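Here's the structure we're looking at; comments come further down.
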Amino acid sequence: MPVPARINIVTLGVGDLDRSSTFYERLGWRRADSSNQEICWFHTGGAYLGLFPFAALADDAALPADRRPGFAGVTLAINVDDEDAVGRALDAAVAAGATLLKPAERGEWGGVSGYFADPDGYAWEVAFNPSFMPDEHGVITIP
């Protein structure tokens with residue numbers, strides 16, 4: 001049986017569950033009812049974001065709980081509906097407690113993007129890509 005090609009949940013290991021949960025709520029994200037003191041779930045377009053204590057997540061995955069500074073080799077991305085929405089989203093993230101990593105700028109691929117880091121340093125790209133427009137549910141299709 002092949003492995004299904006889908007992503008249903010992205011879980012981030014966080015240093016302080018309350019701080020991180022509050023940050024994502026300040027972004028305007030909706031917490032799932034099943035959130036509790038051990039894990040926090042947020043609805044996203046077609047998937048869920050989970051927040052779980054860093055050491056506990058590492059233990060669950062049978063990995064050492066070594067945090068390395070700098071780029072971890074992964075970014076998360078949010079595609080928005082128009083160019084101006086990139087700057088507005090970055091500003092809202094910073095107002096919620098994010099660190100601006102890269103301001104909105106035009107890319108050679110014809111769109112606009114920028115990056116912020118959440119309180120645990122996870123890098124989020126906010127992008128407008130005219131080739132990957134979100135539908136009414138926020139879902140994109142990459143041809």
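The values are calculated or read from the model by the stated rules, or taken from the named source; none is laboratory data. Given the structure is predicted, the values throughout are model-derived calculations rather than measurements. Neighbour counts run over all protein chains shown; Cβ positions are idealised from the backbone, glycine included.
Miscellaneous remarks
- Subset of segment 32-44 that is farther than 20 Å from ALA117 by Cα and surrounded by 12 or more Cβ atoms within 10 Å (Cβ to Cβ) - its residue that is modelled with the highest pLDDT: ILE39
- Scanning segment 1-23 for residues that are in contact with a Leu (Cβ under 7 Å, 6 or more places away or on another chain), within 17 Å of LEU76 (Cβ to Cβ) and either assigned by TED's automatic domain parsing to the domain that holds ALA95 or without any contact (Cβ under 8 Å) to a residue 40 or more places away in the chain (or both) gives a single hit, SER21.
- Any pair with Cβ under 6 angstrom, 6 or more apart, that starts in segment 42-66 at a residue that is assigned by TED's automatic domain parsing to the domain that holds ASN8 and within 14 Å of SER20 (Cβ to Cβ) and ends at one that is loosely packed, with under 13 Cβ neighbours inside 10 Å and β-branched (Val, Ile, Thr): GLY50/ILE9
- Subset of segment 64-98 that is at pLDDT 95 or above and within 21 Å of GLY15 (Cα to Cα) - its residue that is surrounded by the fewest Cβ atoms within 10 Å (Cβ to Cβ): ALA95
- Every listed requirement among (1) without any contact (Cβ under 8 Å) to a residue 60 or more places away in the chain; (2) under 22 Å from LEU49 (Cα atoms); (3) of a type in the set (A, V, I, L, M, F, W, C) is met by LEU76 save one, (1).
- Options ALA92, ALA32, ALA5: the member that is of a type outside the set (D, E, K, R) and within 15 Å of the chain's Cα centre (by Cα): ALA92
- Among the residues of segment 21-64, those identified as in a loop (DSSP other than H, G, I, E, B) and either of a type in the set (Val, Ile, Thr) or touching a strand residue (DSSP E or B) at 6+ places or on another chain (Cβ under 8 Å) (or both) are TRP29, ARG30, ALA32, SER34, SER35, GLU38, ILE39, THR44, ALA47.
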